[in-house]
Amino acid sequence: MAFVSDKEAGVSVAIVGATGAVGKELAQLLVSSNFPLKEFVLFTSRRSANDFVELGDRRIRLFELPTDLLDDPLMDDIELVFFADCSDLKYSI
């Protein structure tokens, strides 16, 4: 399961390329800055899928980037997407 907060006023965010240098830094920045996250979904390559990352006091599961990102159920409530790894885009768009 993706990270889900009890913050009703937060923003639902996804990061594509969450295990790359930029994606890791972005995820850490969002968590450490107390950005109001309601839901946080981290997409990565097949190689890292189903692993977990520790961000602050949170343990967040990594999901494989689907072949059709917009039709994936994990994206249903996402309001903001960061594309931190363009190499994965060929699989999702």
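The values are calculated or read from the model by the stated rules, or taken from the named source; none is laboratory data. This structure is a prediction, so every number in the text was calculated from the model and none was measured. Please note: Cβ atoms are built from the backbone with ideal geometry, for glycine as well, and neighbour counts cover all protein chains shown. Each accessible area value is taken on the protein alone, full model and side chains, heavy atoms only, with ligands, DNA and RNA left out. Shrake-Rupley method; radii C 1.70, N 1.55, O 1.52, S 1.80 Å.
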> Modelled label-to-label distance, L70 and R46, 7 Å Cα→beta-carbon offset: nm?
Replying inline: 2.5
> Among V41, V13, I60, whose Cα lies farthest out toward the positive end of the dipole of segment 1-80, if unit charges sit on the beta carbon of Lys, Arg (+1) and Asp, Glu (-1)?
Replying inline: I60
> Spin-label point model (7 Å from Cα, Cβ direction): what's the R58 to V81 distance in nm?
Replying inline: 1.9
> Per-residue accessible area for E25 at 1.4 Å probe radius, Å² rounded to 10?
Replying inline: 130
> What's the local net charge at R61, with K and R +1, D and E -1, over the other residues with C-beta under 13 Å away?
Replying inline: -2
